[in-house]
Amino acid sequence: MDKNERMNPDIVIHSSVHEVEFWRRYHSLLRMRSHLDAREHLLRALREETALPEKTRDEALGPLRTEHAENLSAFHDFLVNFITLSMQGLHRVDISLDFSFRHDGAPRCHRCLLHVDERIQDLPLEEGQRLLSESSWAGEDAHPEHSLICYYEDQEKRFDRDQRGDLDRCRLDVRQEIYPGSTFHARLRLPAQVFIEEGERRGSKPSDRS
């Protein structure tokens with residue numbers, strides 16, 4: 001199966017084949033993330049390079065930014081497919097987000113982590129920001145902290161209670177900063193499939209790539 005082909009959740013893969021494919025995709029995901037990190041370091045170095053003429057620097061940055069954006073989109077598609085594959089097996093794949101938000105603005109991601117069983121890996125901040133922007137609670141509600149808590153309670157009931165699974169898959173910690181302005185800081189962990197379902201509801205489905 002092509003690495004970017006959408007997995008059909010109704011198709012059951014034999015357990016031994018599933019294990020091989022699962023870990024193959026996991027290591028491919030890590031290699032893609034490493035490549036993204038390297039490109040991000042290159043972009044940052046070019047932006048901060050004062051020895052280059054401004055025009056030369058801008059001409060170099062333009063194509064690199066375009067390529068980086070395309071690679072991030074491909075990474076998202078691959079991550080979606082990996083999570084979809086994980087839903088057919090026995091592995092626990094979660095995502096946690098550290099972010100902040102105010103009453104008058106969109107949430108801002110500070111860290112995004114992928115949990116695969118006991119393994120924890122950083123995901124690109126852009127991926128975390130994308131997942132946040134697709135979350136149904138992050139709308140135009142006058143009290144987004146209430147929406148976040150209600151959203152979390154629904155997911156906690158679905159996974160930690162109704163499915164009688166591990167009681168620590170879903171976690172939420174929210175703190176409010178009063179000074180210098182009212183800002184909320186949150187850490188949210190949910191099964192990864194929740195974020196994929198949110199993206200599908202928003203019409204954000206992976207594109208077909210060869």
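The residue list His91, Phe184, Ser133 was ranked by how far each Cα lies along the charge dipole of the chain toward its positive end, using unit charges on Cβ atoms, and His91 comes out on top. Ordered by the count of other Cβ atoms within 10 Å of each Cβ, fewest first, Met32, Met87 give Met87, Met32. Rounded to the nearest 500, the helix-only mean residue ellipticity at 222 nm of the chain stands at -16000 deg cm²/dmol, with each DSSP H run of n ≥ 4 adding -39,500 (n - 2.57). Could you work out the percent of alpha carbon pairs in the range 64-123 separated by over 20 Å, rounded to a whole number? Summing the P(r) of the range 64-123 above 20 Å gives 44 percent of all pairs. Label positions at Ser136 and Lys157, each projected 7 Å from the Cα along the C-beta direction, are separated by 1.2 nm.
Each peptide in 127-136, 111-120, 53-62 gets a packing score, the mean of other Cβ atoms within 10 Å over its residues, and the list from highest to lowest is 127-136, 111-120, 53-62. For Glu49, neighbours were defined as the other residues whose beta-carbon sits under 14 Å from its Cβ, and their charges (Lys and Arg +1, Asp and Glu -1) total 0. Spin-label model, Ala45/Cys150: points 7 Å from Cα along the beta carbon direction are separated by 4.9 nm.
No value in this document is a laboratory result; all are computed from the given coordinates. Remember, it's a predicted structure, so these values are computed and weren't measured experimentally. Reconstructed Cβ throughout: ideal geometry from the backbone, glycine too, with neighbour counts over all protein chains shown.
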